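Read through the structure below, which is laid out as structure tokens, and then see the notes.
Every number here is computed from the coordinates shown, using simple stated rules; none is lab data. Bear in mind the structure is a predicted one, so any value in this text is a computation, not a measurement. Note that we place each Cβ from the backbone using ideal geometry, even for glycine, and neighbour counts take in every protein chain shown.
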Amino acid sequence: MIRLATSDEMRRADRRATERHGVPSLVLMENAGRGAVDVIERVLGPVDGRRVAVVAGKGQNGGDGFVVARHLAARGALVSVWLAARGGEVGGDAATNLSTVERSGLPLTELTDRPALETLGRMLGEADLVVDALLGTGVRGPATGTVADAIEAVNAGGRPVCALDLPSGLSAEHGERLGPTVHATLTVTFGLPKIGLYLPAGLAHRGQVELADLGVPRAWLEEGLLTGLLEASDIQALLPPRPVDTHKGRFGHLLVVAGSLGKSGAAVLACRGALRVGTGLVTFSQQPIVASHLVEAMTEALPETGAQTVSAKARERILDLALRMDALALGPGLGLDPETQGLVRELARDVERPVVLDADALTALVDALPTLRHARGPRLLTPHPGSSVAPSLRSRPPGSRALADWPGSRARPWR
């Protein structure tokens, strides 16, 4: 599993490295910048003789950019630095590295007026590579003024772009475009990958993602992280090789309550998915059209409403079936009939087995999430960006973690 960090988690990790373990923040910035140049050469090729424009902001991300500029120049690149602020506005470690750039004699232009921005636009069109060091993980709102103009110029240049830590204008937490956002060819993220890089807008803006080592043990950085990106090896560990003398009765029995008139495909896909990952036995709430697609699954007839959705009269039967099985999948294609939605809310609370709540089951819980505090077994919620479940849970890990932290809740986010 690849551990992912929010901006706050990354700041705490940096602070631990400095305050607890004695690694100066200036050293972390130096390691980040040098690591980024290592990645640039490994991914994009040698920089010797290539024209590189480093477009930097006044914050710590800009400081990373100043380090990158110096190391690129040391490897033979023809570097120009463009600062989207006045030099006096730069502080902290970034100011230290800006001072080094100034003393080195590298071309440095402050983008304080329209002619300077126009010159930047021309130079970007001639560059072999653009380094985006405008905004980092600390950004909270849309880029404005000179920074916004610089982002637009970077995108208009049409040249390969390497973003430092994450593309400027992108939220590290939610992967949302906060305003003008850089389209990167390559993103070199520092220390730990940021959650926003793996959510929809992040995927659209990040390009190839590579990690730059900060020169500290990963355990220092990963302490307390709650979110991770699953890899194939993580899933493989859950599906070990099976003995040749085994049988289906040893690999669980799943009850699938899904489907309704016009939404039978959801039930078919849910059952096929369960069988595909190796579930020994699958039973689903019967609809004739579904049964014709699933010869491997067993069926269970349940009472229906006039709209041909599962009726509240099925409650006791479902609870009884669930007790004889290992888990329940509830929701795909169940429909929005009020009676069925009420049944879903009761089942989400009362079933004494693990329950996966998906699709229409999440819709039923939009205004009833607190009932999950009293759930009688583990619950796994599977919201996606188009889900109608509460906005705080729409594929946003911080919101999911907030639910997971409810006192007494057994719910946990998918990590």
Nearest 20 debye, what's the magnitude of the dipole of the stretch 203-360 about its Cα centre given +1 on Lys and Arg Cβ and -1 on Asp and Glu Cβ? 400 debye
Diffing the stretch 34-46: the Karplus 3J(HN,Hα) column from phi (6.51, -1.76, 1.60, θ = phi - 60°), in whole Hz with x for Gly and Pro, holds 5, x, 5, 5, 4, 5, 4, 5, 5, 8, 9, x, x
Out of Gln341, Gln308, Gln236, any idea which swings most in a Gaussian network model of the chain, alpha carbons joined below 10 Å? Gln236
Residues of the stretch 20-39 with amide N under 19 Å of the 7 Å Cα→Cβ point at Asp48: 37-39
Using alpha carbons only, how many degrees (0 to 90, rounded to 10) separate the axis of helix 264-276 from the longest principal axis of the chain? 80 degrees
At 0.36 nm per residue, and after removing the present C-alpha to C-alpha distance, how many nm does the segment from Thr371 to Ala219 gain when stretched out fully? 51.1 nm
Compare the Cα positions of Gly228, Ser285, Gln341 along the charge dipole of the chain (+1 at Cβ of Lys, Arg; -1 at Cβ of Asp, Glu; about the Cα centre) and return the one farthest towards the positive end. Ser285
Pull out the extension gain between Ala232 and Ala204, defined as 0.36 nm times the separation in residues minus the alpha carbon to alpha carbon distance; nm, one decimal. 7.8 nm
Here the stretch 150-159 yields Karplus 3J(HN,Hα) values (6.51, -1.76, 1.60; θ = phi - 60°; whole Hz; Gly and Pro given as x) of 5, 4, 4, 5, 4, 5, 6, x, x, 9
Expressed in Å to one decimal, the Kirkwood Rh of the chain from all distinct alpha-carbon pairs is 24.2 Å
By counting other Cβ atoms within 10 Å of each Cβ, how are Leu44, Leu239, Leu197 ranked from fewest to most? Leu239, Leu44, Leu197
Applying the gyration tensor rule to the Cα atoms of the stretch 227-279 (axes a ≥ b ≥ c; rounded if a/c under 1.5, else prolate if a/b exceeds b/c, else oblate), the class is oblate
For helix 92-104, report the angle its Cα long axis makes with the longest principal axis of the Cα atoms of the chain; keep it between 0 and 90° and round to the nearest 10°. 40 degrees
Lysines within cross-link reach of Lys313: Cα-Cα under 18 Å, excluding same-chain residues under 8 positions apart? none
With the crude spin-label approximation of a point 7 Å out along Cα→Cβ, what separation in nm comes out for Ser104 versus Glu316? 7.8 nm
Cα centre as origin, Lys/Arg/Asp/Glu Cβ charges: the chain dipole, Debye: 680 debye
With springs only between Cα atoms under 10 Å apart, run a GNM on the chain and tell me which of Asp234, Asp149, Asp165 wobbles the most. Asp234
Treat every Asp and Glu Cβ in the stretch 2-233 as -1 and every Lys and Arg Cβ as +1, leave all other atoms uncharged, and give the resulting dipole magnitude about the Cα centre to the nearest 20 debye. 100 debye
D_trans [Stokes-Einstein, Kirkwood Rh over alpha-carbon pairs] for the stretch 2-233, 25 °C, 0.890 mPa s, µm² s⁻¹: 142 µm²/s
Would you kindly state how much longer the chain becomes between Arg15 and Arg242 on full extension, computed as 0.36 nm times their sequence separation minus their alpha carbon distance, in nm to one decimal? 77.1 nm
Under 14 Å from the 7 Å Cα→Cβ point of Arg140, by amide nitrogen: which residues of the stretch 8-48? 8
List residues of the stretch 321-342, by number, whose backbone nitrogen lies under 19 Å from a label position 7 Å along Cα→C-beta of Arg250. 326
Can you tell which of Ala314, Gly169, Val27 lies farthest toward the positive end of the dipole of the chain, using +1 and -1 charges on the Cβ of basic and acidic side chains (Lys, Arg; Asp, Glu)? Ala314
Specify the angular offset, from 0 to 90 degrees and rounded to the nearest 10, of the alpha carbon long axis of helix 60-74 from the longest principal axis of the alpha carbons in the chain. 60 degrees
